[in-house]
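Here is the structure we will look at.
The values are calculated or read from the model by the stated rules, or taken from the named source; none is laboratory data. The model shown is predicted, which means the values in this text are computed figures rather than measured ones. Glycine gets a Cβ as well: all are built from the backbone with ideal geometry, and neighbour counts include every protein chain shown.
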């Protein structure tokens, strides 16, 4: 998956872009870790219990220049992309996804763009 100016996960009605006010330290303060290539990555479980090794994970990667990003929701092992928005039984996961991203918007990391 390539980096883009805006990104969203499969099936979501909202896209996100990096806020002009975002800084490297802001990413680190919000749980992002720097990869060996200099990018910043966040991996968060979307399950009700964070200790669970099952379920889906939200992966967000921000390019080292803080201009582009990519995001996806994957299986627990991170190998397959999943669309949690096509099935009503994933309503709790959808709410948690939007809650996590809204928190990042409030902290000045991302800006929200409705599709």
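Observations
- For the residues 103, 31, the requirement of being surrounded by fewer than 18 Cβ atoms within 10 Å (Cβ to Cβ), in contact with a strand residue (DSSP E or B) (Cβ under 7 Å, 6 or more places away or on another chain) and more than 16 Å from residue 4 (Cβ to Cβ) singles out 31.
- If you go through the range 102-115 and keep only what is over 16 Å from residue 40 (Cβ atoms) and assigned to a helix (DSSP H, G or I), you end up with 102, 103, 105, 106.
- Residue 69 being surrounded by 18 or more Cβ atoms within 10 Å (Cβ to Cβ) and under 11 Å from the mean Cα position of the chain (by Cα): yes
- Residue that is modelled with the highest pLDDT, among those in the range 48-66 that are surrounded by 13 or more Cβ atoms within 10 Å (Cβ to Cβ), touching a helix residue (DSSP H, G or I) at 6+ places or on another chain (Cβ under 8 Å) and at negative phi: 62
- Of all residues making up the range 77-100, the number that are in contact with a strand residue (DSSP E or B) (Cβ under 8 Å, 6 or more places away or on another chain) and within 25 Å of residue 28 (Cβ to Cβ): 4
- Close Cβ contacts (under 8 Å, 6 or more residues apart or on different chains) running from residues in the range 72-86 that are on the phi > 0 side of the Ramachandran plot and loosely packed, with under 14 Cβ neighbours inside 10 Å to residues that are modelled with pLDDT of 85 or more and assigned to a strand (DSSP E or B) comprise 78/43; 78/57; 78/59.
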